[in-house]
Amino acid sequence: MIKKTDQAIIHGFLEDSSNLTGAHADGIYLPENPVEGKEAVKEIGQNKSSLTIVGGATGTTGGCLPFGGWLLSTQKLNRIITLDDKQMFAVVEPGVTLNDIEAALKPLGLFYPPDPTEKTATIGGNVATNASGSRGYRFGATRNWVRRLKVVLTSGEVLDIPRGLKINTKALHSSSLIPIPHYQMPKTKNAAGYFAKQDMDLIDLFIGAEGTLGIVTEIEIALLPIMKETFDLVSFFASEGQAVAFVFAAKREKDKTINFFEYFDANTLQMLKNNYPHIPNNAQAAVYVEQEITAANKNNYLDFWAQLLEQSQASLDNCWLGIAPNQRIELEKFRHAIPEHINELFKQNHLVKMATDLAVPADKFREMFNFYNSQLTTNQLFYIKFGHIGENHLHVNLLPKTKEQKQQADDLIMRFVKKAVSLNGTVSAEHGIGKIKHQYLKELYGASGIKEMIEVKKHFDPTFFLNRNNIFPSSAFRPAQAD
Ligand SMILES: Cc1cc2nc3c(=O)[nH]c(=O)nc-3n(C[C@H](O)[C@H](O)[C@H](O)COP(=O)(O)OP(=O)(O)OC[C@H]3O[C@@H](n4cnc5c(N)ncnc54)[C@H](O)[C@@H]3O)c2cc1C
């Protein structure tokens, strides 16, 4: 098995998109097959060290960053084991990237629907964070598309878990029951803490567990026939209210061919203006929509959007249209440029990423949106507000310039978190809690909810060996210090 202790090599694995600094590790394992993964777990366990799993290191919450102990990279667990175009599923190892999956599926006329934006992310990382992309509006998060998982537990035992296998089914890994937490999860898209529901499928506990319960070594995903034709539209609005009204009017149509609605505020557009000078000067907001073109809507989709735009005092004439493939590719690049630019801004300013990942129920979105604006306009902090408005989920990124502003930004994010929780929303809709959002999770589920999660953790990992500090701080694990 490949095992390295050269710090120059390890250094290359100590950064993700959170900008969290100070990560360090004694060494790194790069297993080339699941058996080697299991051996690594055994070896590290025997040495009483700890283990952090790293996939593509594109996470935004520091989940893959070690603060001591050993790293296990899934980089070489990168085989596509099965591609079944008849039954439309694939079996892959966790280190396969979304780019690789897309490239393998395209010639077969298939695609993997969740499509989180960053294609260098691995499928293992997506499962661990229950990632969802813009197309989550139509297709939901990773969870919806995972049909089976193989997981190596810290005991060395390997679980093969098909969807449908209920939690606490007899003949599972141990005779004691998994203590399912009692909290109510938000009824929004959600990646905050352990999935918990009485009579749940066991697989759901591992999806979104941020690698704290086991190492995912094999994943079966469901696929769909590729969309033959899509239409992309970026529409610009003179006010944010008009943009939001446009999205809500379009959503009311309940058109099942719409893949996503993405929102960009004036600062997002300003940030991109150097690279995209044809962004209209007076635009205060933009909405990016993607729709599948089918035999049923082929002749009227442009009229459909023209009408909706007119109702919101906008016009198709001022929009960017993606009809031809090259136009769509350009628009896709435009969308991807947004998180990339933002991450770069944080990096340049040596700041740990300060961004919300809050989603609220649809009927509470306007209240949340107005709350963002009322709070953001009363201080001097630079902010960028963008994201998955179709799922009532925006990212507010704050870029403080001074120590005082940093404190203001922390306070402001906490206010947003509390507001979202009061509206029955989630504190993390897609990025997970990682190492930087523990206190938000506590707002959602309280100290008692965190305690219940720790009981689940203890069940699978009694020595707190795996992915320490993800989801809850390791200090919370010690009974003496528990709340
Ligand atoms: C430009 C950009 C755009 C992004 N857009 C989106 C988006 O639209 N939607 C979205 O959800 N996210 C988005 N992200 C965040 C990121 O891509 C996702 O969180 C992704 O799921 C992380 O995958 P990864 O392979 O990079 O995982 P890593 O960052 O390496 O790890 C993430 C977590 O998964 C754990 N993990 C990794 N592999 C395994 C495994 N095999 N078993 C158990 N645990 C494991 C790690 O320990 C860590 O806790 C974006 C990031 C960037 C940089």
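Which residue, chosen from 313, 282, 294, occupies the Cα position most advanced towards the positive end of the dipole of segment 227-330, where the dipole is computed from +1 (Lys, Arg) and -1 (Asp, Glu) charges on Cβ about the Cα centre?
The one lying farthest along the dipole's positive direction is 294.
With r defined as the distance between the Cβ atoms of residue 273 and residue 475 and R0 fixed at 60 Å, what FRET efficiency is calculated, to the nearest 0.05? Please list the in-between numbers first.
On the way: r = 45 Å, r/R0 = 0.75.
Efficiency, rounded to the nearest 0.05: 0.85.
Using only the Cα atoms of the chain, build the gyration tensor, take square roots of its eigenvalues as a ≥ b ≥ c, and label the shape rounded, prolate or oblate: rounded if a/c is under 1.5, else prolate if a/b is larger than b/c, else oblate.
Details: a/c = 1.71, a/b = 1.40, b/c = 1.22.
Because a/c hits 1.5 or more and a/b exceeds b/c, the chain counts as prolate.
What nm value, rounded to one decimal, do you get for the distance between residue 451 and residue 377 when each label is placed 7 Å out toward the C-beta?
Placing both labels 7 Å beyond Cα along the Cβ direction yields 4.4 nm.
May I ask you to evaluate 6.51 cos²θ - 1.76 cosθ + 1.60, the Karplus curve with θ = phi - 60°, for each residue of segment 399-409 and list the ³J(HN,Hα) values in order in whole Hz, giving x for glycine and proline?
Listing the rounded values in order: 10, x, 10, 10, 4, 5, 5, 4, 4, 4, 5 Hz.
In debye to the nearest 20, how big a dipole does the chain give about its Cα centre with +1 on each Lys and Arg Cβ and -1 on each Asp and Glu Cβ? Intermediate values should be presented prior to the final figure.
Details: 51 positive and 52 negative charges, 179 e Å.
The calculation lands at about 860 debye.
With each pseudo-label sitting 7 Å past Cα toward Cβ, what's the residue 321-residue 249 distance in nm, one decimal?
1.9 nm
How many nm separate the modelled label positions at residue 165 and residue 281, each set 7 Å beyond the Cα in the direction of the Cβ?
6.3 nm
What ranking of 51, 302 emerges when the number of other C-beta atoms within 10 Å of each C-beta is taken as an exposure proxy, fewest first? It would help to have the intermediate numbers written out before the result.
Details: 51 24, 302 15.
In order of increasing Cβ crowding within 10 Å: 302, 51.
Sort 122, 402, 58 by Cβ crowding within 10 Å, fewest neighbours at the top. Walk me through the numbers before you get to the answer.
Values: 122 31, 402 9, 58 23.
Ranked by crowding around the Cβ, least crowded first: 402, 58, 122.
For residue 362 and residue 108, compute 0.36 nm times the residue count separating them, minus their Cα-Cα distance, and round to one decimal in nm.
Values: separation 254, 0.36 × 254 = 91.44 nm, distance 3.66 nm.
Full extension from residue 362 to residue 108 adds 87.8 nm.
Given 150/457; 106/353; 189/385, which pairs have Cα atoms separated by over 24 Å?
Working: 150/457 18 Å; 106/353 34 Å; 189/385 18 Å.
Exceeds cut-off: 106/353.
For segment 227-330, calculate the relative contact order in percent as a whole number, restricting contacts to Cα pairs under 8 Å that are 6 or more residues apart.
Details: 143 pairs, mean separation 48.0, N = 104.
In percent, rounded to a whole number, it is 46.
Would you pull out the residues with amide H under 5 Å of residue 259's amide H, same chain only if 5 or more places away, H placed 1.01 Å from N?
Placed amide hydrogens put 290, 291, 292 under 5 Å from residue 259.
Taking 32 Å as the cut-off for C-alpha to C-alpha distance, list the pairs among 251/273; 119/298; 3/197 that go past it.
Details: 251/273 29 Å; 119/298 29 Å; 3/197 39 Å.
Check vs 32 Å cut-off fails for 3/197.
Which whole-number percent is the relative contact order of the chain (Cα, under 8 Å, 6+ apart)?
Details: 978 pairs, mean separation 85.9, N = 483.
Across the chain, relative contact order equals 18 percent.
Report, by chain and number, residues whose modeled amide H sits under 5 Å from the one on residue 393, excluding near sequence neighbours (fewer than 5 apart, same chain).
Under 5 Å from the amide H of residue 393 lie the amide H atoms of 388, each far enough along the sequence or on another chain.
About the Cα centre, and with charges only on the beta carbon of Lys, Arg (+1) and Asp, Glu (-1), how big is the dipole of segment 227-330? Nearest 20 debye, please. Provide the component values of the computation, followed by the final result.
Details: 8 positive and 13 negative charges, 31 e Å.
In total the dipole reaches around 140 debye.
Explain nothing, just compute: Karplus ³J(HN,Hα) = 6.51 cos²θ - 1.76 cosθ + 1.60, θ = phi - 60°, for every residue of segment 249-259 in order, whole Hz, x for Gly and Pro.
5, 5, 5, 4, 6, 6, 7, 6, 8, 7, 7
Just subtract the alpha-carbon distance of residue 43 and residue 87 from 0.36 nm times their residue separation and send over the number in nm, one decimal.
On the way: separation 44, 0.36 × 44 = 15.84 nm, distance 3.90 nm.
Value of the extension gain: 11.9 nm.
Which shape class, rounded, prolate or oblate, goes with segment 227-330 when its Cα gyration tensor gives a ≥ b ≥ c as root eigenvalues, a/c under 1.5 marks rounded, and past that a/b bigger than b/c marks prolate?
Working: a/c = 2.02, a/b = 1.34, b/c = 1.51.
Note, shape of segment 227-330 comes out oblate.
Please identify which residues in segment 295-317 have an amide N closer than 12 Å to a label point set 7 Å out from the Cα of residue 229, following the Cα→Cβ vector.
Only 295-302 pass the distance filter.
What is the Cα centroid distance between segment 15-31 and segment 225-304, reported in whole angstrom?
If you average the Cα positions of each part, the centres end up 38 Å apart.
Taking the Cα centre of segment 410-474 as origin and charging only Cβ (+1 Lys, Arg; -1 Asp, Glu), how large is the dipole, in debye to the nearest 20?
80 debye
Tabulate in residue order the Karplus-calculated ³J(HN,Hα) for segment 456-472, using 6.51 cos²θ - 1.76 cosθ + 1.60 with θ = phi - 60°, rounded to whole Hz; enter x for Gly and Pro.
5, 4, 4, 4, 9, 9, x, 9, 6, 8, 9, 6, 3, 6, 8, 6, 9
Which part of segment 103-132 falls in the paramagnetic zone of residue 80, meaning amide N under 12 Å from the point 7 Å along Cα-to-beta-carbon?
Only 103-112 fall inside the zone, counting backbone N under 12 Å.
Test of understanding: what is the full-extension gain from residue 424 to residue 404, defined as 0.36 nm times their sequence separation minus their Cα-Cα distance? Write out the running numbers ahead of the final one.
Details: separation 20, 0.36 × 20 = 7.20 nm, distance 3.06 nm.
Length gained between residue 424 and residue 404: 4.1 nm.
Among residues other than residue 52 whose Cβ falls under 14 Å from its Cβ, what is the net charge (Lys/Arg +1, Asp/Glu -1)? Let's see the in-between values first.
Numbers: positive: 435, 468; negative: 15, 16, 26, 210, 461.
Charge balance near residue 52 sits at -3.
Could you put 152, 91 in order, starting from the residue whose Cβ has the fewest other Cβ atoms within 10 Å? Numbers along the way, then the final one.
Working: 152 25, 91 17.
Arranged by neighbour count, lowest to highest, 152, 91 become 91, 152.
Using helices alone, what [θ] at 222 nm do you get for the chain, with -39,500 (n - 2.57) per DSSP H run of 4 or more residues, divided over all residues and rounded to the nearest 500? Working shown, then result.
On the way: 13 runs with 152 residues, N = 483.
Value at 222 nm, helices only: -9500 deg cm²/dmol.
Each value in this text was obtained by applying a stated rule to the coordinates, not by laboratory testing. Since we're looking at a predicted model, the values are computed, not measured. Positions of Cβ are generated from backbone atoms using ideal geometry, with glycine treated the same way; all protein chains shown enter the neighbour counts.
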